[in-house]
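The values are calculated or read from the model by the stated rules, or taken from the named source; none is laboratory data. None of these values were measured; they are calculated from a predicted model. Note that we place each Cβ from the backbone using ideal geometry, even for glycine, and neighbour counts take in every protein chain shown.
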Amino acid sequence: MRTGYIAAGVAAVAAIIFVSLLAASSYANANLQYRSRGAQGYNFSQSSTDVAMDVCNPTPFPAGFDRLQFVATYKDSDFATMEFENGSVPANAATTVDGALQINGRAALAAVFQSFADSLNGKSSAGDAGMKVKMTLESRLLGLVPVSQSKEMSGDEFSQMMSGKSGFSCPVND
């Protein structure tokens with residue numbers, strides 16, 4: 001009888017530790033901060049370019065992702081996709097990840113023509129009121145539990161985030 005209580009107690013403690021680690025991992029991923037390091041090497045035939053980004057983890061727990069994707073839409077058309085794979089960020093530190101930016105040529109051309117038509121009609125197309133960005137982070141908490149976290153933002157919010165103006169609290173060696 002006594003061994004049953006001990007086994008139940010050990011199982012309860014193990015479950016509490018496991019759930020706590022899942023929560024800490026999820027918390028760390030949800031609090032990651034991002035800043036662009038720039039783009040280079042445009043491939044005209046594939047409408048893509050290599051990009052680099054700093055990822056800051058301001059929490060005391062390590063974070064990581066299998067895939068981090070930003071999809072920019074302009075007037076309900078996918079305009080560009082920026083994707084990074086397999087990143088890990090130590091606690092209270094930043095790391096640089098490399099990825100690719102893919103441009104949808106038709107949507108880009110449509111945006112240019114719409115802006116030109118608006119200017120011919122005396123309308124201001126300044127700003128990015130029609131641009132929205134959806135960020136999706138896919139990870140496996142503790143390497144086991146698949147999780148997908150998404151956030152939608154305006155083009156202006158995305159621009160602020162990529163410039164580091166919306167908060168990037170980790171020092172980065174350039």
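What number of residues within the stretch 1-33 satisfy the criterion of being surrounded by 13 or more Cβ atoms within 10 Å (Cβ to Cβ) and not aromatic (Phe, Trp, Tyr)? Give the steps one after another, and end with the answer.
First pass over the stretch 1-33, keeping only residues surrounded by 13 or more Cβ atoms within 10 Å (Cβ to Cβ): 18, 21-22, 24-33.
The next check asks that each one be not aromatic (Phe, Trp, Tyr); those that pass are 21-22, 24-26, 28-33.
Of the residues in that region, 11 qualify.
Just checking, which of 52, 23, 100 is aliphatic (A, V, I, L, M) and in a helix (DSSP H, G or I)?
Testing whether each residue is aliphatic (A, V, I, L, M) and in a helix (DSSP H, G or I) leaves just 23.
What's the number of the condition residue 56 fails, among (1) surrounded by 14 or more Cβ atoms within 10 Å (Cβ to Cβ); (2) more than 12 Å from the chain's Cα centre (by Cα)?
Of everything listed in (1) surrounded by 14 or more Cβ atoms within 10 Å (Cβ to Cβ); (2) more than 12 Å from the chain's Cα centre (by Cα), residue 56 misses just condition (2).
Restricting attention to the stretch 142-156, and to residues there that are crowded, with 16+ Cβ neighbours inside 10 Å and in contact (Cβ under 8 Å) with a residue 24 or more places away in the chain, which single residue is farthest from residue 87 (Cα to Cα)?
From the stretch 142-156, those crowded, with 16+ Cβ neighbours inside 10 Å are 147, 153, 155; that's our starting set.
Remaining after also requiring in contact (Cβ under 8 Å) with a residue 24 or more places away in the chain: 147, 155.
Numbers: 147: 15, 155: 24 Å.
Step by step, filter the stretch 142-156, then rank; the result is 155.
Identify, please: which residue in the stretch 74-89 is over 23 Å from residue 46 (Cβ atoms) and more than 17 Å from the chain's Cα centre (by Cα) and is, among those, surrounded by the most Cβ atoms within 10 Å (Cβ to Cβ)? Spell out the reasoning first.
At the first step, the residues of the stretch 74-89 found to be over 23 Å from residue 46 (Cβ atoms) are 75-76, 88-89.
Next, only the ones that are more than 17 Å from the chain's Cα centre (by Cα) stay: 75-76.
Details: 75: 13, 76: 8.
Among those that are over 23 Å from residue 46 (Cβ atoms) and more than 17 Å from the chain's Cα centre (by Cα), it is 75.
When the stretch 39-49 is examined, which residues are found to be assigned to a strand (DSSP E or B) and surrounded by fewer than 10 Cβ atoms within 10 Å (Cβ to Cβ)?
First, pick out the residues of the stretch 39-49 that are assigned to a strand (DSSP E or B): 39-43, 48-49.
Within the stretch 39-49, 40, 41 meet the criteria.
Which residue is surrounded by the fewest Cβ atoms within 10 Å (Cβ to Cβ), if the candidates are limited to the stretch 90-107 and must be without any contact (Cβ under 8 Å) to a residue 60 or more places away in the chain and under 14 Å from the mean Cα position of the chain (by Cα)?
Once the filter is applied, the top-ranked residue is 98.
Against the conditions (1) touching a strand residue (DSSP E or B) at 6+ places or on another chain (Cβ under 9 Å); (2) at pLDDT 70 or above, where does residue 110 fall short? Just the number, please.
Condition not satisfied by residue 110: (2).
Would you confirm, using the coordinates I've provided, whether residue 71 is under 10 Å from the mean Cα position of the chain (by Cα) and over 14 Å from residue 34 (Cα atoms)?
yes
What tally of residues in the stretch 55-81 results from selecting those that are outside any loop (DSSP other than H, G, I, E, B) and within 17 Å of residue 157 (Cα to Cα)? Explain how you work it out, then say what you get.
Step one: of the stretch 55-81, the residues outside any loop (DSSP other than H, G, I, E, B) are 55-57, 63-74, 77-81.
The next check asks that each one be within 17 Å of residue 157 (Cα to Cα); those that pass are 55, 69-74, 79-81.
The number of residues fulfilling the criteria is 10.
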